[in-house]
Amino acid sequence: MHKKITRRAFCSMLFALPFPARAQPLKKVPRIGYLSSVDAARESARYEGIRLALRERGHIEGQNIAIDHRYAEGKVDRFPELAAELVRLKVDIIVVAGGYRVIRAAMNATKTIPIVMSGGGLDPVEGGLIENLARPGGNVTGVTNLSSEIGGKRLELLKETVPKLVRVAVLHDPATGPPREVKEILPVAGHALGLTVRPWAVRSADDFEKVFVALSKDRPDGLYVVTAGPLTRTNLKRIAGFALKSRLPSVYNSREAVDAGGLMYYGADLADSYRRVAYFVDRILKGANPTDLPVEQPTKFELVINLKTAKQIGVTIPQSMLYRADKVIK
């Protein structure tokens, strides 16, 4: 005899049956725009440093983040176009690998997408990129390498390395932003060290040869190179080659210049700076507002000396300098 099943019992049995799991909505993968003022080869060390630091924080390219790259290859007129492309792609963050002009291009392209500076060297307050370091005030935050602020220390190190140094030529591109380093910091520091500092401007790739010819006639004792923009960065080998050929002791605010044959680099520890860029990206991906993230100045600095170059140009590096160097290229 069949037992009668009540309506309530039937419903209880029905809901107890296993149902196929509902398809979970796909989680949106955050997109990071990577905007560089130079080419992929020249950018590789910085990009790799940032990528690995992001990975350490759990953000893995191709798995839970996507990265869209745009390289201006040293062409300043491409900055606005490439920044606009990244905005059209609706990236969640733009990491800017470069100085004043490329950061400004990104700022002109968007007032809402967070922009993370990766240490362009310029004082971002002086350049009008942020309101102040503690509270940036807009959609820009990140790392500043204070490259221009430590210009006096670079001159001091060059003088220690070459005690007979008296006249220093300063090679720079006036278009890279506010020229405080060239007009104020270096002349004041030079005067205190008993040095005569003379600026030499390059405004295009064609200017280098003209300036090199003029420098050969002027015969300074040393060369200080400001590599704050794409024009000088993309011509580093050319500049280092001239210094080598002219037997000019040279100091740079770019680490890669020493690898290209320059004599000395003093500045922020770049590996440390790249790790801090990943910190900012991580915080923003987790919901932080860029205006609430203080811009960071470097806490670690490094001195790199190219001993091979020193030998080629006939400069004997004092033992005290070699002890202080974080890296010596032999």
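The values are calculated or read from the model by the stated rules, or taken from the named source; none is laboratory data. Keep in mind that what you see is a predicted model, and the values were worked out from it rather than measured. FYI the Cβ positions are ideal-geometry reconstructions off the backbone, even for glycines, and counts take in every protein chain you see. We work out accessible area using only protein heavy atoms, side chains counted, and drop any ligands, DNA or RNA first. Shrake-Rupley method; radii C 1.70, N 1.55, O 1.52, S 1.80 Å.
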Note, the stretch 58-66: 3J(HN,Hα) by Karplus (6.51, -1.76, 1.60, θ = phi - 60°), whole Hz, Gly/Pro = x, goes x, 9, 10, 4, x, 10, 10, 9, 10
How much length is gained on full extension from residue 75 to residue 246, taking 0.36 nm per residue of separation minus their Cα-Cα distance?
58.7 nm
I need to check one value: relative contact order of the stretch 118-157, counting alpha carbon pairs closer than 8 Å and at least 6 residues apart, in percent.
48
Out of residues 5 or more away from residue 200 or on other chains, whose amide H comes under 5 Å of its own, with H placed 1.01 Å from N in the peptide plane?
170, 171, 172
When the Cα centres of the stretch 172-249 and the stretch 72-129 are compared, how far apart do they sit, in Å?
25
Rounded to the nearest 500 deg cm²/dmol, what is the calculated helix-only ellipticity per residue at 222 nm for the chain, with -39500 (n - 2.57) per DSSP H run of length n ≥ 4?
-11000 deg cm²/dmol
What percentage of the solvent-accessible surface of the chain, computed with a 1.4 Å probe over protein heavy atoms, is contributed by carbon and sulfur atoms?
54
What's the angle, to the nearest 10 degrees (0 to 90), between helix 100-109's Cα axis and the longest principal axis of the chain?
30
In debye to the nearest 20, how big a dipole does the chain give about its Cα centre with +1 on each Lys and Arg Cβ and -1 on each Asp and Glu Cβ?
1280
Can you tell me, using C-alpha contacts under 8 Å and at least 6 residues apart, the relative contact order of the chain as a whole percent?
18
Residues of the stretch 82-114 with backbone N under 19 Å of the label point set 7 Å from the Cα of residue 57 along Cα→Cβ are 91-98, 113-114
Can you list the residues, at least 5 places off or on another chain, whose amide H is less than 5 Å from the amide H of residue 68, using H built in the peptide plane?
32, 33, 34
If I model the stretch 253-330 as equal point scatterers sitting on the Cα atoms and use the Debye formula, what is log10 I(q)/I(0) at q = 0.16, 0.21, 0.26 Å⁻¹?
-0.66, -0.90, -1.18
Rel. contact order, % - alpha carbon contacts under 8 angstrom, at least six apart, the stretch 114-185
33
Charge dipole magnitude, Cβ of K and R +1, D and E -1 - the stretch 224-330, Cα centre, debye nearest 20:
520
q = 0.14 Å⁻¹: log10 I(q)/I(0) that the Debye formula gives for the chain, counting C-alpha atoms only
-1.07
Using the 2.2 N^0.38 Å rule of thumb for compact globular proteins, work out how the stretch 104-262 stacks up: its C-alpha Rg over that value, please.
1.10
Apply the Karplus parameterisation 6.51 cos²θ - 1.76 cosθ + 1.60, with θ equal to phi minus 60°, to every residue of the stretch 280-291 and state each ³J(HN,Hα) to the nearest whole Hz, in sequence, with x for glycine and proline.
5, 4, 4, 5, 5, 4, 8, x, 5, 8, x, 5
So if I take the alpha carbon set of the stretch 203-267, get Rg, then get Rh from the Kirkwood formula, what is the Rg over Rh ratio?
0.93
Taking 234, 299, 161 and ranking on accessible area (1.4 Å, protein atoms only), highest first, one gets 299, 234, 161
Please report the antiparallel percentage of the DSSP beta bridges confined to the stretch 222-330, to the nearest 5.
40
Accessible-area order (highest first, 1.4 angstrom probe) of the listed residues 112, 144
112, 144
Accessible surface of residue 210 - all protein chains present, 1.4 Å probe, nearest 10 Å²:
130
Extended-chain gain in nm, criterion 0.36 nm per residue less alpha-carbon gap, residue 321 and residue 134
63.8 nm
Please list the radius of gyration and Dmax for the stretch 131-223, considering alpha-carbon atoms only, with Å as the unit.
15.8, 48
